[in-house]
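In what follows, a single structure is set out as structure tokens and then discussed.
None of the figures in this text is laboratory data; all of them are computed from the coordinates on show. In this text, all values refer to a predicted model and were calculated from it rather than measured experimentally. For neighbour counting, all protein chains shown are included, and Cβ atoms are generated from backbone atoms with ideal geometry for every residue, glycine included.
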Amino acid sequence: MKRPRAVALLSGGLDSSLAVRLLLDQGVEVKALHFYTGFCITEHKRRLGLRREDGQPYMNPALKAAAQLGVPIEIVDISEEYFNIVLNPKYGYGKNVNPCVDCRAFMLKKAKEIMEKEGYDFVVTGEVLGQRPMSQTLPRLKLIEKEAGLEGLVLRPLSAKCLPPTIPEKMGWVDRSKLLCIKGRSRKVQIALAQKYGLDYEQPAGGCCYLTDENYAIKFKEALQVEGFITRDDLILFSVGRHLRLPSGVKLIVARNEGEVRFLKGFTNRYAHAYREDGKGTLSLIKGNLSEEDAKKVAAIVARYSKREPCRVVINTLDKTIVLDAEPMSDQELENYKIVREVVGT
């Protein structure tokens, strides 16, 4: 019998890494697929050039996991198509703005295309029965397979014994007796297995997607309520900076560090923006038409977040430039404009 071949969805988290390892232990040839959606928190921090608390740079977790496991990996950029999934999910959102059912079905469809094109036999995921209430119940797992056109061809090694036998098991490509029956939200079994295999992982509970983040969802819903629609730029910018809304409806996105300043500069060719004339401090993108009063508030906000001192602020509205001398806005006034409320003084 030829060696069975599988493509595996590898996020770089604990569950997907263990799923791959269990298949490797059975002699299955595995190719890892990592889908880049544009919403991975760790990858976003890496792109901003941020560092961990220990000073180490952030790494793409899937690349790190593939290297540990010794499997080839393909990074598949689905970010352009994925925007429509986020804005128009057929099966709705989870607790925040996470379209988990649509997300899994979309990724599995892409995995199927690669599986068929490259002659692989089935698809592997790290999903655990009952771990996520929206997308990992038995009915939803079946629905997702059906939507992807992969009924019976998705093997979930961590929960296989809790689920109906799949085609790979029926065909003898994998030994069902060597698979697991993990279910629920606890990851004690997975952590023990990771220690056994010597696997390093980002964090046991996953959580690398901005769409599951409460603060991201607050910005998303606020923009939809105030502006009436969400753009692709919005979906990216919700993950960056401090977000403020002036009484007029004008919105500011204020960088919090040098990495975010560099990132937001990539949008200054199409958004009004403000900064200290001497270059010391933050950068703020501006959405909306500025009145004279708004311009004064913008300048005061830039001064507040640029060393908290009086300064000269340049506001470029794309068709004209305004230069204002500004005093830092008080924390009390600033708090009224924050979309995501923080502790006064931050």
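Quick notes
- Per-residue [θ]222 nm for the chain (sum of -39500 (n - 2.57) over DSSP H runs n ≥ 4, rounded to 500): -11000 deg cm²/dmol
- Here LYS287 is the anchor, and the lysines within straight C-alpha reach of less than 18 Å, apart from those fewer than 8 places off in the same chain, are LYS219, LYS221, LYS251, LYS265, LYS296, LYS297, LYS320, LYS338.
- Rounded to the nearest 20 debye, the dipole magnitude of the chain is 940 debye, with +1 charges on Lys and Arg beta carbons, -1 on Asp and Glu beta carbons, and the Cα centre as origin.
- Averaging Cα coordinates gives a centre for the stretch 307-321 and one for the stretch 266-290; these two points are 8 Å apart.
- Charge-dipole axis of the chain as Lys and Arg at +1 and Asp and Glu at -1 on Cβ define it, positive-most pick from VAL97, ASN289, GLY228: VAL97
- Exposure proxy shown here: for CYS100, CYS209, the number of other Cβ atoms within 10 Å sets the order, fewest to most, as CYS209, CYS100.
- By other beta-carbon atoms within 10 Å, ranking VAL189, VAL7 with the fewest at the front produces VAL189, VAL7.
- Spatially close Lys pairs in the stretch 52-162, defined by Cα atoms under 18 Å apart and a spacing of eight or more places or different chains, total 12.
- For the stretch 297-336, applying the loop criterion from DSSP together with a ceiling of 10 other beta carbons within 10 Å to the trypsin sites (Lys or Arg not before Pro) yields LYS320.
- Sparse packing (at most 16 other Cβ atoms within 10 Å of the Cβ) combined with a DSSP loop state is found for the following chymotrypsin sites (Phe, Trp or Tyr not before Pro) in the stretch 139-230: PHE229.
- Ranked THR212, THR282, criterion: other C-beta atoms within 10 Å, fewest first: THR212, THR282
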